[in-house]
Amino acid sequence: MKFQPKASHFINGEYVEDTNGAPIDVIYPATGEVIARLHSATPEIVNQALNSAKSAQAKWEAMSGTERGRVLRRAADIMRERNYDLSVLETHDTGKPLQETLVADATSGADALEYFGGLAASLTGEHIPLGGGDFVYTIREALGVCVGIGAWNYPTQIACWKGAPALACGNTMVFKPSETTPLSALQVAEILIEAGAPKGVYNVVQGYGDVGASLVTDPRVAKVSLTGSVPTGRKVYAAAADGMKHVTMELGGKSPMIVFDDADVENAVSGAILGNFYSSGQVCSNGTRVFVQKGIKEQFLARLSERLATAKIGDPLDEEVNFGPMVSENQMNIALGYIEKGRAEGARLVYGGERIDGDGFYMQPTVFADVTDDMTIAREEIFGPVMSVLDFDTEEEVMARANDTEFGLAAGVFTNDLTRAHRIVAGFEAGTCYINTYNLAPVEAPFGGSKMSGVGRENSKLAINHFSEMKTVYVSMNDVEAPY
Ligand code: NAD
């Protein structure tokens, strides 16, 4: 098989296999072809991985931040050198066009390794002077063994967004990729070893949800970082709470994008395209509820349809193609099911709406107009290329409607009115907001959700606080006064 790795798991610096685990077939979404067969981790494999991470941790933490950072920065360089091959692999794993994977996957993983590698040497505590000469100092300590659990839409990026800050702080990691896209995390693990990471610092185990669940409840684990759906997040958060573990939850969304009639329509259409159809719509922060002010609605829809007609749908390995298949038949069927619901509930289909014939899991980019707030397609996360366009009249009205959702991952506004733009983002109940653009997530900026979309933040300096904790040391320079 074309992309068969040496073995399913990567533990203590080596590939490890246990064929007793349930099989995981890796399917190339463009053709339906099986490109690798892996095995879900058995309890013995999980145990081995956690032991490996546990025994590597103290030594890794004892290295200087400069040394740890150097390993991460070397890994970033290796990833960039191998970007083409890693992108081809990612395209086979996810179906995303090479045009995207070449610029958004291994490269963004490398950015995280470089950024947190750069920060590693500057992670410190502080000195706090008190009255009478006493003082406190704080020591920033690693949490211990961290578990990362990934979704299937950005497998390399997620493996690095979790691994890089964890390792920079002196933790070790056991990462479980999504069973749908298990291949690229193994490459990240290999590259870290090549870059000089001690064995056991970054381990990968494959598996379905039950493997994730067994990692979360294990007493050796201090922290869990999940990227996934809200229902999974609820389960993982609850299981982690039982052991009082630290968590980061990067979950789903149904984010609003508001387009006022004074906006630059071409930019707004570009933002709506990026925020709904990049990666065939399989992006958590997508602005899938596009509120367009009535005055420009028809102009917006006309330009959107014209531009969607120029999308190049096809073989994701052709670098001209910019719209690929869905990650799996299942995900395609979920999205097609929502299109049926949209039709049945009376939304107006203005573009697409159909599966594309063939062996691959292709469907058309789809736009519904005249969507109302109560329709299923406006309330539930679809995680596919289905945009809902809703009309509005006033700022006050749209603000309330935009926030009327259990989710709070992202939100965007297109307007040329400067004060209105800032007023709107101040009112958004969302973790990541955009003014006159959409869906950019540079490693320098915090990323994450509020409300049901998650807890904690990835990326930026803030991620450090989610992968380390402070020890407080009170130092007395005086005699101890006791009451008796
Ligand atoms: P999912 O929730 O089905 O699975 C996510 C991961 O959790 C997988 O690795 C899965 O095996 C594992 N898992 C499932 N049940 C588990 C359990 N009980 N205990 C531990 N682990 C378990 O999500 P998905 O379908 O892989 O990904 C799509 C979802 O991810 C969407 O909701 C999307 O919005 C979200 N997502 C969020 C972000 C973000 O940064 N906020 C990024 C990408 C995707």
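The values are calculated or read from the model by the stated rules, or taken from the named source; none is laboratory data. The shown structure was predicted, so the numbers you read here are calculated from the model rather than taken from an experiment. Because the Cβ atoms are built from the backbone with ideal geometry, glycine has one as well, and the counts that use them run over all protein chains shown.
Values for this structure:
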quantity: Candidates THR156, THR181, THR172, filtered to the one that is of a type in the set (S, T, N, Q), surrounded by 24 or more Cβ atoms within 10 Å (Cβ to Cβ) and out of contact with any strand residue (DSSP E or B) (no Cβ under 9 Å at 6 or more places or on another chain); calculated: THR156
quantity: Residue match in the range 64-82 (condition: of a type outside the set (A, V, I, L, M) and touching a strand residue (DSSP E or B) at 6+ places or on another chain (Cβ under 9 Å)); calculated: no
quantity: Criterion: out of contact with any strand residue (DSSP E or B) (no Cβ under 6 Å at 6 or more places or on another chain) and closer than 18 Å to LEU251 by Cα - qualifying residue of GLU429, GLU345, GLU340; calculated: GLU429
quantity: Number of the condition not met by VAL230 [criteria: (1) out of contact with any Cys (no Cβ under 6 Å at 6 or more places or on another chain); (2) more than 7 Å from the ligand (Cβ to nearest atom)]; calculated: (2)
quantity: Residue satisfying all of: in the range 233-253; surrounded by fewer than 24 Cβ atoms within 10 Å (Cβ to Cβ) and either without any contact (Cβ under 8 Å) to a residue 24 or more places away in the chain or part of a loop (DSSP other than H, G, I, E, B) (or both); farthest from the ligand (Cβ to nearest atom) among these; calculated: MET244
quantity: Where a residue in the range 458-473 is farther than 13 Å from ALA120 by Cα and its partner, wherever it lies, is of a type in the set (A, V, I, L, M) and within 16 Å of the ligand (Cβ to nearest atom), with Cβ under 8 Å and at least six apart; calculated: ASN459/ALA112; ASN459/ALA441; ASN459/VAL443; ASN459/ALA445
quantity: Any hit, the range 28-47, residues being assigned to a helix (DSSP H, G or I) and surrounded by 18 or more Cβ atoms within 10 Å (Cβ to Cβ); calculated: yes
quantity: Among (1) aliphatic (A, V, I, L, M); (2) within 16 Å of the ligand (Cβ to nearest atom); (3) in contact with a strand residue (DSSP E or B) (Cβ under 8 Å, 6 or more places away or on another chain) - the single one VAL413 does not satisfy; calculated: (2)
quantity: Pick from the range 197-221, criterion under 14 Å from PHE175 (Cβ atoms) and aliphatic (A, V, I, L, M), ranking: farthest from the ligand (Cβ to nearest atom); calculated: ALA197
quantity: GLY281, sole failed condition from (1) away from the ligand (no atom under 13 Å from the Cβ); (2) touching a Pro at 6+ places or on another chain (Cβ under 6 Å); calculated: (1)
quantity: Within the range 104-188, strands (runs of 3 or more DSSP E) holding 1 or more residues that are more than 16 Å from the ligand (Cβ to nearest atom) and in contact (Cβ under 8 Å) with a residue 12 or more places away in the chain; calculated: 135-142, 172-176
quantity: THR394 being free of Cβ contacts under 8 Å to residues at least 12 places away in the same chain, of a type in the set (Val, Ile, Thr) and more than 20 Å from SER453 (Cβ to Cβ); calculated: yes
quantity: Residue in the range 217-227 that is of a type in the set (Lys, Arg), under 19 Å from the mean Cα position of the chain (by Cα) and either modelled with pLDDT under 95 or assigned to a loop (DSSP other than H, G, I, E, B) (or both) present; calculated: no
quantity: Residue in the range 255-264 that is crowded, with 23+ Cβ neighbours inside 10 Å, within 11 Å of the ligand (Cβ to nearest atom) and under 21 Å from ILE158 (Cβ atoms) present; calculated: yes
quantity: Condition met for VAL201 (of a type outside the set (Phe, Trp, Tyr), in contact with a Leu (Cβ under 7 Å, 6 or more places away or on another chain) and surrounded by 20 or more Cβ atoms within 10 Å (Cβ to Cβ)); calculated: yes
quantity: Condition met for VAL224 (more than 10 Å from the ligand (Cβ to nearest atom) and in contact (Cβ under 8 Å) with a residue 40 or more places away in the chain); calculated: no
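Residue-wise test of (1) part of a helix (DSSP H, G or I); (2) aliphatic (A, V, I, L, M).
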site	(1), (2)
MET257	no, yes
GLU266	yes, no
GLY287	no, no
VAL292	no, yes
LYS297	yes, no
GLU306	yes, no
THR310	no, no
GLU319	no, no
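So that you can scan it fast, the table gives a plain yes or no per residue for (1) under 21 Å from GLY228 (Cβ atoms); (2) within 12 Å of the ligand (Cβ to nearest atom); (3) touching a strand residue (DSSP E or B) at 6+ places or on another chain (Cβ under 8 Å); (4) outside any loop (DSSP other than H, G, I, E, B):
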{"site": "ARG423", "(1), (2), (3), (4)": "no, no, no, yes"}
{"site": "MET452", "(1), (2), (3), (4)": "yes, yes, no, yes"}
{"site": "LYS471", "(1), (2), (3), (4)": "no, no, yes, yes"}
{"site": "MET477", "(1), (2), (3), (4)": "no, no, yes, no"}
